[in-house]
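Here's the structure, in structure tokens; my notes come after.
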Amino acid sequence: MKNLMTTAQSTVAMRRWGPPGIVTLAAMVAFATLGPASAAKQARQPAEAVAQREAGEPIMAIVSIKSQQVTFYDADGWIMRAPVSTGTTGRETPAGVFAIVEKDKDHRSTMYDDAWMPNMQRITWNGIALHGGPLPGYAASHGCVRMPFGFAEGLFDKTSIGMRVIISPNDAAPVDFSHPSLFVPKREAIAAVPSRADKLSFEAEEATRAADETKKAAAAAAKEAASLPASLRKLEQQKARADAELAFADKTLANAKTDQARAKAEELKQKAAAKAADATTQLDAAKAAAQPKRDAVAATKEAAKMAAARKADAVKAATDAKLALEPVSVYISRATQKLYVRRNTHKPAPDGGGEVFDTSIEVPVTIRNPDQPLGTHIFTAMAKTDTGLRWSVVTIESGDDAKSALDRISIPQEVWDRIGPTALPRSSIIISDEPLSAETNYRTEFVAVLSNHPQGGFITRKPTAPMDIASDDGWDNGGNGFGFFFQQRDPYAQPVNPRRQRGQYPYYQSTQPMQRSWW
């Protein structure tokens, strides 16, 4: 990767970036006024720096806990770096794989006495974030990553939701990488996406209208038939009383001793018989009239069920088509032997925090020698090339080397066929021994922490609170095709038996039924 190890600073570059350059100058002045002991301590801190070239859009940030430094990378190499202060002993910043899930220019902490955390960029919903803060020259936070105030301010508008944030226990940097298992996009597939998305969106709208109409018809039929049971019960009771009166008249006639008594009983029987016959006629007619209504209820109910299924399939297809031109992220876990896919819908979460990520793909994978560690490797598509995509890899946990780890995984071809042809720069494939953290939910990309490194700043925070999750009929029954929600705890992030927890923190264990018909 170009400029990978470049460390030069430039007055021109600082002037272009503004606040970071000013902060660097201020730090130099402050350093000159320190005593020998303090100066020695400060001298070990990394300095802010800006690459001497035009910066592109940041693709990833790598935080080194060891060096107390953060470096941001675009497609061509590093563009900004600065000292940081990560979590102190007992509240350590967790090492692992994250992504920005929310940004707040003027954030106040709800956890630490309304503490000011300017230019906050959240990476977990339980409170881990990058933000501006004081840097004493060593790890001193409660788990967040503090950056220089000016640096955080200059960075804030350059990043976006979903940008990868890698927190490494040691120094790490992206290096160029190639492998036949990585996505190879097809130009014709990418070119076909807009028209296909429009077509499927139209079909989804039509299916939604049809489902709404059949649902209304079913409701109307059910309403019309709702009074039938009570009406039939009333007629059945009338017939039962008429039959009882006829039986009483028969008994009275049989017991009559005189001609006068028999004549009276006979008259009573005739009236009772007529009444019973009339009740029977009314009941039979009501039953005959009720059957078509019952049939209509059954038919419209079945039609509504089928229309709802067609709507779900159409909306799902439209959703996939809309997401086809979004960077795709894949996570493969040796711990769970599964592959997970995330794509940002850019739709605001219904509970007001962050954006919604599509979570519709989760499949088993086969890993050769599953008892042998893979390590944790993050493969990222950095830019387009004439033949497809240029990839890099960042390794933050030892195990197999990146190539060998990828060689050991057999990925279902249908998954690659579904998402690979339209893969774009910023797409990624993450391989790890770790399961997904319980913090992974529909409002995050992937959250995975290294279980053999301290996680104090993670463990001491409450897991994500209950939130809206997927249902089957659209945003507030609106059906926009980008995730469907109702109030309940996220089903994709369930704490497991404590005996199976890694790193003393519950991990993601999906309760989602295995998808069978995405293709």
Point to revise | Condition check for residue 267: surrounded by fewer than 17 Cβ atoms within 10 Å (Cβ to Cβ), touching a Pro at 6+ places or on another chain (Cβ under 9 Å), free of Cβ contacts under 8 Å to residues at least 40 places away in the same chain and not polar (S, T, N, Q) | key: no
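For every residue, the table says whether it meets (1) within 27 Å of the chain's Cα centre (by Cα); (2) open to solvent by 10 Å² or more (accessible area, probe 1.4 Å); (3) free of Cβ contacts under 8 Å to residues at least 12 places away in the same chain.
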site: 117; (1), (2), (3): yes, yes, no
site: 133; (1), (2), (3): no, no, no
site: 137; (1), (2), (3): no, yes, no
site: 156; (1), (2), (3): yes, yes, no
Across (1) in contact with a strand residue (DSSP E or B) (Cβ under 8 Å, 6 or more places away or on another chain); (2) without any contact (Cβ under 8 Å) to a residue 40 or more places away in the chain; (3) among the polar types (S, T, N, Q), residue 170 clears everything bar (2)
Flag if residue 251 is basic (Lys, Arg), within 25 Å of residue 216 (Cα to Cα) and either open to solvent by less than 80 Å² (accessible area, probe 1.4 Å) or in a helix (DSSP H, G or I) (or both)
no
Taking the range 45-54 and the residues there that are touching a residue at least 40 places away in the same chain (Cβ under 8 Å) and in a loop (DSSP other than H, G, I, E, B), the one that is most open to solvent (accessible area, probe 1.4 Å) would be 52
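Identify, from the list 176, 198, the residue that is over 30 Å from residue 106 (Cα atoms), of a type in the set (D, E, K, R) and not in a helix (DSSP H, G or I). Before the answer, list the steps.
Details: 198 fails: not in a helix (DSSP H, G or I).
Answer to the selection: 176.
Can you tell which of 278, 259 is out of contact with any Leu (no Cβ under 9 Å at 6 or more places or on another chain) and either surrounded by 13 or more Cβ atoms within 10 Å (Cβ to Cβ) or within 30 Å of residue 210 (Cβ to Cβ) (or both)? Spell out the reasoning first.
Numbers: 259 fails: either surrounded by 13 or more Cβ atoms within 10 Å (Cβ to Cβ) or within 30 Å of residue 210 (Cβ to Cβ) (or both).
Residue meeting the stated conditions: 278.
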Going through the range 84-104 in order, the residues found to be surrounded by fewer than 22 Cβ atoms within 10 Å (Cβ to Cβ) and over 24 Å from the mean Cα position of the chain (by Cα) are 88, 89, 90, 91
Go through the residues of the range 382-398 one by one and say whether even a single one is part of a loop (DSSP other than H, G, I, E, B), in contact with a helix residue (DSSP H, G or I) (Cβ under 8 Å, 6 or more places away or on another chain), open to solvent by 20 Å² or more (accessible area, probe 1.4 Å) and within 20 Å of residue 177 (Cα to Cα).
no
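The values are calculated or read from the model by the stated rules, or taken from the named source; none is laboratory data. Just so you know, these numbers come straight off a predicted model, no measurement behind them. Here Cβ is always computed from backbone atoms with ideal geometry, including for glycine, and neighbour counts include all displayed protein chains. The area values use the complete protein model at the heavy-atom level, side chains included, leaving out ligands, DNA and RNA. Shrake-Rupley method; radii C 1.70, N 1.55, O 1.52, S 1.80 Å.
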